[in-house]
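To keep things clear, I will list the structure first and then write my remarks on it.
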Amino acid sequence: MLLESGIVISAGHSTMTYKEAQYYFSKGIKLVTHLYNAMTQFGHREPGLVGATFENEAVYAPIILDGAHCDYAAASVAYKLKKDKFFLISDAAFLGRKVANFKWDSFDAHLDNGFYGNEEGNLAGASISMEEAVQNAFNHLHVSADEAIKMATCRVASAINMEDHVGKIKSGFPASFVTFNDNLSIIETLNYNLI
């Protein structure tokens, strides 16, 4: 019902097995949240949700590319396997690492060495901006600037069925532009919000 209503469903933060994941992928789920984190890992006897994501060509694999949510080598493996289904995301609650501690009901987060963790020592959300994610793709995955930008724009739009509305410089699309130098060390966003 959700899929038929146009709602994008993402499998993640899940203990589903490889077979369960493939079953739900066959029903139309084509996205995971977010690859490697809080999901059943790839094993040689039980490939888990990670393995199902790798094998299924229709499934998108977003990654928080900050070096903490997954090692850059693991991200490189995922990129080689998923290719144009690999894209960048951030679940950062606070950008710029300006908030050192946060508590809301039972959720707590504190900044330690540039990463948010909770009292149990687990990751508690990212601190990375999309600009940093793009720079990390360029510097650690060794992709071209064009490919790194695609990982943060048109691929994201395709994954959430919005490719006809956002993610490109095209007539009728919101006029949000990014300027950058050759090595992506400087990135500036220009938002005009014109259609």
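Across the stretch 150-164, which residue is most open to solvent (accessible area, probe 1.4 Å) among those that are part of a loop (DSSP other than H, G, I, E, B) and of a type in the set (Val, Ile, Thr)?
Here is the first cut: in the stretch 150-164, the ones part of a loop (DSSP other than H, G, I, E, B) are 153, 160-164.
Now restrict to residues that are of a type in the set (Val, Ile, Thr): 153, 160.
Values: Thr153: 50, Ile160: 73 Å².
Once the filter is applied, the top-ranked residue is Ile160.
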Next on the checklist: Against the definition (open to solvent by 20 Å² or more (accessible area, probe 1.4 Å) and either within 18 Å of Asp91 (Cα to Cα) or at pLDDT below 90 (or both)), how does Asn139 come out, yes or no?
Outcome noted: no
Next on the checklist: Here's a check for you: in the stretch 165-195, which residue that is in contact with a Gly (Cβ under 9 Å, 6 or more places away or on another chain) and either open to solvent by 40 Å² or more (accessible area, probe 1.4 Å) or of a type in the set (D, E, K, R) (or both) is nearest to Ser129 (Cα to Cα)?
Outcome noted: His165
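Mind telling me which of the residues Glu147, Glu132 ends up being open to solvent by 40 Å² or more (accessible area, probe 1.4 Å), among the charged types (D, E, K, R) and not in a strand (DSSP E or B)?
On the way: Glu147 fails: open to solvent by 40 Å² or more (accessible area, probe 1.4 Å).
Unique residue meeting the criteria: Glu132.
Could you please find all residues in the stretch 178-192 being of a type outside the set (Ser, Thr, Tyr), closer than 22 Å to Asn139 by Cα and part of a strand (DSSP E or B)? Write out each step before concluding.
Going through the stretch 178-192, the residues of a type outside the set (Ser, Thr, Tyr) turn out to be 178, 180-184, 186-188, 190-191.
Applying the additional criterion that residues be closer than 22 Å to Asn139 by Cα yields 178, 180-184, 186-188.
Those that are of a type outside the set (Ser, Thr, Tyr), closer than 22 Å to Asn139 by Cα and part of a strand (DSSP E or B): Val178, Phe180, Ile187, Glu188.
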Checklist entry - Do you know which residues across the stretch 25-38 are surrounded by fewer than 17 Cβ atoms within 10 Å (Cβ to Cβ) and charged (D, E, K, R)? => result Lys27
Item to check | Selection count where residues are of a type in the set (A, V, I, L, M, F, W, C) and loosely packed, with under 15 Cβ neighbours inside 10 Å, scope the stretch 9-24 | outcome: 1
Checklist entry - What tally of residues in the stretch 1-36 results from selecting those that are under 21 Å from Gly67 (Cα atoms), outside any strand (DSSP E or B) and modelled with pLDDT of 95 or more? => result 2
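The values are calculated or read from the model by the stated rules, or taken from the named source; none is laboratory data. Model, not experiment: these values are computed from the prediction. Note that each Cβ is placed from the backbone with ideal geometry, even for glycine, and that neighbours are counted across all protein chains shown. Note: accessible area is taken over every heavy atom of the protein model, side chains too, but ligands, DNA and RNA are not part of it. Shrake-Rupley method; radii C 1.70, N 1.55, O 1.52, S 1.80 Å.
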